[in-house]
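Trainee: Quick one: the structure is below, and I'll ask about it shortly.
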Amino acid sequence: MLILLVFAAILLLWARLTTGFNSDLLLNIGAAVVMVALSYAVFDPIFEELRRSRVEEHPSFDHDEFSGHVAGASDLVTVMDTGMHMLEGTSRGRFLEAVRMALGNGATVRVLLLDPDSAAASQRAEEIRPVDVRRVIQDNLRHLYEFALTLSPAHQARFQVRIYDASPSIQMFRWDDKALISFFPIGVRASASPHLEVYLESPLGEFVQGRFDDLWRHASTRPLSDYVAVPVTVFHRDTPLRSCGVHFVLVEGAWFIDGAPMVDQLTDHGTGRLDIVSARPLSIDGRIGRNFRLARVDGDSVPDRDSVLRMFDAKYGPRQLDGPGRARLAMRLVPRREEYGLT
């Protein structure tokens, strides 16, 4: 608009310095350019608002198209879903490569997935049987963790994955100022249902982004690192022997850890003489605490050793995320009775 006004001023000044037909022509053209500039100033904000309020419907989710949008993003990429279909099958490689390109462009990438151990995950599984929602999310989180390990420290800081524990309501896939949104239909996965393409500055876009922000900041939402491992310290008679992060699985309120990182301490002292202190409070059988003892898991346990190891395989894969290491050693965390005033 500024260029138009400058051009109009030049024409009007030129008209004043000339006479006859040329003067009238330049005067008319200059006045017309001024009117165009003023009309643009008045109507462009209206057209821009209409453009941003426009909603485009897609019959289903296009994986390749979204990966293309992600690859070109330079500000923010966000995903809010239960289990992320972009991380399944042949789509996974293209999407993760697109994420790597977005990080290279300077974008921040935030992924918010449903806690696979939550009641909401079980409810969603009932709605879209026979899809194993818990297994899908576990696989998603494992692939995201493995991908994060390949990033540089600078890119890792801008690649953020969190897990929420709430009833899923909206699915969102955002790139910069636009997003694809959908709701969770009964009977089919959200990826097969219609998606709405909106601008984030539209009322609908602002509403969905607000939902994402609320879940992202909620006290029950936790980072991916908390899902992968729990930091513990191994004690023998009040003497700390080892601090490490251990893998874990939850089974109906009970915690089972992989004791492989502390196998030397177990060999030296046995399970009965060791105390485990968690760096964060853990809820076990409805009780919250940090001090535990260890119980062996064998063929007579409930669940038995093979069942627990299969749960570790489902969460972490046949090989541990941080390398092959030692074979898994399934141990159950048992709350210290004195911590809860029990006798």
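Every number here is computed from the coordinates shown, using simple stated rules; none is lab data. It should be emphasised that the depicted structure is a prediction, and the values quoted were computed from it without experimental measurement. Virtual Cβ from ideal backbone geometry, glycine too; neighbours counted across all protein chains shown.
Trainee: Assuming R0 = 22 Å, what is the FRET efficiency of Ser225 and Ser167, from their Cβ-Cβ distance, to the nearest 0.05?
Mentor: E(calc), rounded to 0.05, equals 0.35.
Trainee: How large, in Å, is the stretch 110-222 by the Kirkwood hydrodynamic radius built from its alpha-carbon pairs?
Mentor: For the stretch 110-222, inverting the mean 1/r across all distinct Cα pairs yields 15.2 Å.
Trainee: Using 7 Å Cα-to-Cβ label points, what is the Tyr199/Ser122 separation (nm, one decimal)?
Mentor: 4.5 nm
Trainee: If you wrap a convex hull around the Cα atoms of the stretch 162-289, how much volume per residue is inside, in Å³?
Mentor: Hull volume normalised by residue count: 159 Å³.
Trainee: Then there is this: Where Rh is the Kirkwood radius over the Cα pairs of the stretch 261-320, the temperature 20 °C and the viscosity 1.002 mPa s, what D in µm²/s does Stokes-Einstein return?
Mentor: Using the Kirkwood radius from Cα pairs, D works out to 158 µm²/s.
Trainee: By how many nm would the segment from Asp64 to Ala157 lengthen if fully extended, with 0.36 nm per residue of separation less the alpha-carbon distance?
Mentor: 30.9 nm
Trainee: Label point 7 Å out from Glu97 along Cα-to-Cβ: which residues of the stretch 144-166 have amide N under 20 Å?
Mentor: 144-152
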